[in-house]
Amino acid sequence: MQLVSIGRSKQCDYMVESESCSKLHAYLLQGKDGSFLLIDRVSSNGTRVREERDELSKIQQRKIGIDEAFFVGKVQITPREMS
C-alpha cells in the first residue's frame with residue numbers, strides 16, 4: 001500500500017499551490033489491487049467528488065478510480081495525474 005499526502009505544505013508528497021487547499025488537505029491511499037481510497041483531513045474547504053448527477057459532494061473518505069476527478073479546495077486532480 002502507498003499513502004500520498006496532498007496539500008499546500010512542502011512536506012506533502014503532492015503539493016498543491018492554491019490558498020483554497022489546506023496545508024495537509026487529504027490522503028490518497030493506493031491498495032495492492034490498484035484501488036484508491038481518498039481521505040479528507042478535516043480540511044477547511046473540503047474534499048469533493050462528482051456524483052451521478054454531476055454535482056460535487058463533500059466526502060470524508062471514498063473509493064475512487066484512477067481517472068476519477070476529485071477536488072481539494074478549488075483544485076481538480078485525478079490519481080493518474082499524481083503518479
| field | Per-region count, the range 71-83, residues touching a residue at least 40 places away in the same chain (Cβ under 8 Å) and closer than 17 Å to residue 18 by Cα | value | 6
| request: Just give me the residues in the range 8-49 being part of a strand (DSSP E or B) and either over 14 Å from residue 78 (Cα atoms) or open to solvent by 30 Å² or more (accessible area, probe 1.4 Å) (or both), in sequence order. | output: 14, 15, 27, 29, 30, 37, 39, 40, 48
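Here's the yes/no breakdown for (1) at pLDDT 95 or above; (2) not hydroxyl-bearing (Ser, Thr, Tyr):
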| site | (1), (2) |
| --- | --- |
| 34 | no, yes |
| 37 | yes, yes |
| 47 | yes, no |
| 79 | yes, yes |
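The values are calculated or read from the model by the stated rules, or taken from the named source; none is laboratory data. Model, not experiment: these values are computed from the prediction. Positions of Cβ are generated from backbone atoms using ideal geometry, with glycine treated the same way; all protein chains shown enter the neighbour counts. Protein only, heavy atoms only, side chains kept; ligands, DNA and RNA dropped before computing areas. Shrake-Rupley method; radii C 1.70, N 1.55, O 1.52, S 1.80 Å.
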